[in-house]
Amino acid sequence: MTTARIKDILAASPNEKEITARGWIRTARDSKDFCFVELNDGSCLANLQVFIDKKDSRLAALLPRLSTGASLEATGALVKSPKPEQPVELRARTILVRGEAPGEYPLQKKRHSFEFLREIAHLRPRTNTFGAVTRVRNALSFAIHSFFQERGFLYVQTPIITASDCEGAGEMFQVTTLPLDKPPLIGGAIDYAQDFFGKKTSLTVSGQLEGEIFACALGNVYTFGPTFRAEHSQTSRHLAEFWMVEPEMAFCDINGDMDAAEAFLKYIIGRTLEALPEDMKFFDQWVDKGRLAMLERVVGSTFTRITYTEAIDALLKAKEPFEYPVKWGIDLQSEHEKYLTEKVYDNPVIITGFPREIKAFYMKLNDDGKTVRAMDVLVPRIGEIIGGSEREDDHEKLRARLRECGLPEKDYWWYLDLRRYGSVPHSGFGLGFERLVQFVTGMQNIRDVIPFPRAYGSAEF
Ligand code: 4AD
Ligand code: MG
């Protein structure tokens, strides 16, 4: 007797050998002489049909316990299924019911709304959609590591708790052990010298700055970890806790950065399409029709590259009534990004040369003194999926930018040191992992592509 995952069982030939399958009942159909149980174990989308002959009185006695949601171990011969759409089924000899699921089990209906499923995040991994999302997350993560490992990048673990604000946007969650009802004061302000780390600390918004330290010693590195932003956003593409992939490359300029981002995105999507054909067909059929063809097109495409100024010109020519008015200098909104990638270029778009005022302090200033070597990668339906830049590698220019952005130099002394000792041109980018999962699956809301979403006003589980 062997125990196998259902994915492997379904791929096996009906050799009449005895096997054991384990999983959770999706549905049980009862007829006069037989009962059919659809068993799922999460290894794939498809269920294994377990055939139960009611003439066997021991099995028949179990039927009242075989309800949707119950867990069981079924042992029996793997035989040819009479149904053409499934090659094999398990003819049960013995069944061990591990855990019953009474009638109030919430996942009875075939389809529930994603909003409802969010309220039962402890059970939604047992649905087809969330199971498939979880397998896509896994395949994408594996492809991300493969891409970088095949190219000699080192995986570096950057800290979660940090004393510096990478994006300088002040959207950080503070980490403290000071008593919130009675914090120690010094001159009317909170005395952080008495806090756990002896200074004010927060959860990181990005691993980039620490990634730069390692790139400026080891060449090419990447981090892939959780990041946190205290943005009061309630949109379908913002989370307060999300995962980010951030490569950082020494001796690399903005053009090398764009090349890397494009090759990376095409590789990881292509790998996932290859690895999970069944799950991808499911998303194409049930979540967003045409998604598969669109993704295949993206994998085979050459991304359109334009400047920020060209993007603004294209938007100014648009007939579209945008909610946010367009003029040179604005930060592009999601509606603008989607319009550019879906309507104007019908292709993934990389925009470079953003006004310095709307971008972070670390981005390298262009010779025009007005724009920085930033790049955003936009994809249809999502808008910005990647943000990156060439980094300012000139010590004095960086000091000036810190001052301009109102960031205290003393907090960034080590970052400035990288520009004092053996400074090199270097570049990197950040891919929002959940936005990527949305893009691949077609799922509308970012809260439905992460196991336990944390967003403004919501952190159940
Ligand atoms: O453009 P961002 O803010 O760039 C950085 O953090 C850089 N330090 C990255 C780097 O150069 N190493 O964020 C990068 C990406 C965005 O393009 C977006 O996909 C995602 O992170 N992102 C979010 N995803 C979900 N929820 C949020 N609140 C997000 N904010 C950014
Ligand atoms: Mg950005």
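THR134 exposes around 70 Å² of accessible area when a 1.4 Å probe is run over every protein chain in place.
If I compute solvent accessible area with a 1.4 Å probe over the protein chains, what percent of it on the chain is carbon and sulfur?
54 percent
In this Cβ point-charge picture (+1 for Lys and Arg, -1 for Asp and Glu), region 189-271 has a dipole of about 280 debye about its Cα centre. Of all DSSP beta bridges confined to region 147-222, the antiparallel ones make up roughly 75%. Here the sum of -39500 (n - 2.57) over DSSP H runs of 4 or more residues, divided by the residues of the chain, equals -8500 deg cm²/dmol at 222 nm, to the nearest 500. Couplings 3J(HN,Hα) of region 74-85, computed from phi: 10, 10, x, 7, 8, 10, 5, 8, x, 7, x, 6 Hz, in residue order, whole Hz [Karplus 6.51 cos²θ - 1.76 cosθ + 1.60, θ = phi - 60°; x for Gly and Pro].
Counting only heavy atoms of protein chains, what accessible area per residue, in Å², does the chain have with a probe of 1.4 Å?
On a per-residue basis, 48 Å².
List the relative contact order of the chain as a percent without decimals, with contacts defined as Cα pairs under 8 Å and 6+ residues apart.
13 percent
Considering only THR304, ALA360, TRP328, and ranking their Cα positions along the charge dipole of region 302-370 that arises from unit charges at the beta-carbon of Lys, Arg, Asp and Glu, the one farthest toward the positive end is ALA360.
Scalar couplings 3J(HN,Hα) for region 102-108, obtained by applying the Karplus form with A = 6.51, B = -1.76, C = 1.60 to θ = phi - 60°, are x, x, 7, 3, x, 9, 8 Hz; x denotes Gly and Pro. Once the Cα-Cα distance is subtracted from the 0.36 nm per residue extended length, the ASP56 to GLU342 segment shows a gain of 97.0 nm. Of LYS281/LYS319; LYS17/LYS83; LYS54/LYS109; LYS83/LYS110; LYS343/LYS397; LYS83/LYS281, which ones are farther than 28 Å apart at the Cα? From LYS281/LYS319; LYS17/LYS83; LYS54/LYS109; LYS83/LYS110; LYS343/LYS397; LYS83/LYS281, over 28 Å: LYS281/LYS319; LYS343/LYS397. The relative contact order of region 136-284, computed from alpha carbon pairs under 8 Å that lie at least 6 residues apart in sequence, is 29 percent. Shape class for the chain: prolate, because the ratio a/c of the largest to smallest gyration tensor axis (alpha-carbon atoms, square roots of eigenvalues) is 1.5 or more and a/b beats b/c. Inter-label distance, ARG93 to ALA189: 7.6 nm, where each label sits 7 Å from its Cα along the C-beta direction. For TRP243, the amide hydrogen comes within under 5 Å of the amide hydrogens of THR227, PHE433, GLU434, counting only partners 5 or more places away or on other chains and with H modelled in the peptide plane. The residue among SER67, VAL245, LEU436 whose Cα reaches farthest toward the positive pole of the charge dipole of the chain, with charges on the beta-carbon of Lys, Arg, Asp and Glu, is SER67. Heavy-atom accessible area with a 1.4 Å probe sorts TRP328, TRP413, largest first, into TRP413, TRP328. The listed residues GLU396, GLU231, GLU85, once ranked by accessible area (1.4 Å probe) with the largest placed first, stand as GLU85, GLU396, GLU231.
Label positions at ALA169 and GLU335, each projected 7 Å from the Cα along the C-beta direction, are separated by 2.0 nm.
Going by a ≥ b ≥ c, the root eigenvalues of the Cα gyration tensor, does region 209-331 fall in the rounded group (a/c under 1.5), the prolate group (a/b larger than b/c) or the oblate group?
Rounded, since a/c falls under 1.5.
Rounded to the nearest 10 square angstrom, VAL326 shows an accessible area of 30 square angstrom against a 1.4 Å probe.
The values are calculated or read from the model by the stated rules, or taken from the named source; none is laboratory data. If you're wondering where the values come from, they're calculated on a predicted model, not measured in any experiment. Don't worry about glycine lacking a Cβ; one is built from the backbone with ideal geometry, like all the others, and counts go over all protein chains shown. Surface areas here come from the heavy atoms of the whole protein model, side chains and all, with no ligands, DNA or RNA. Shrake-Rupley method; radii C 1.70, N 1.55, O 1.52, S 1.80 Å.
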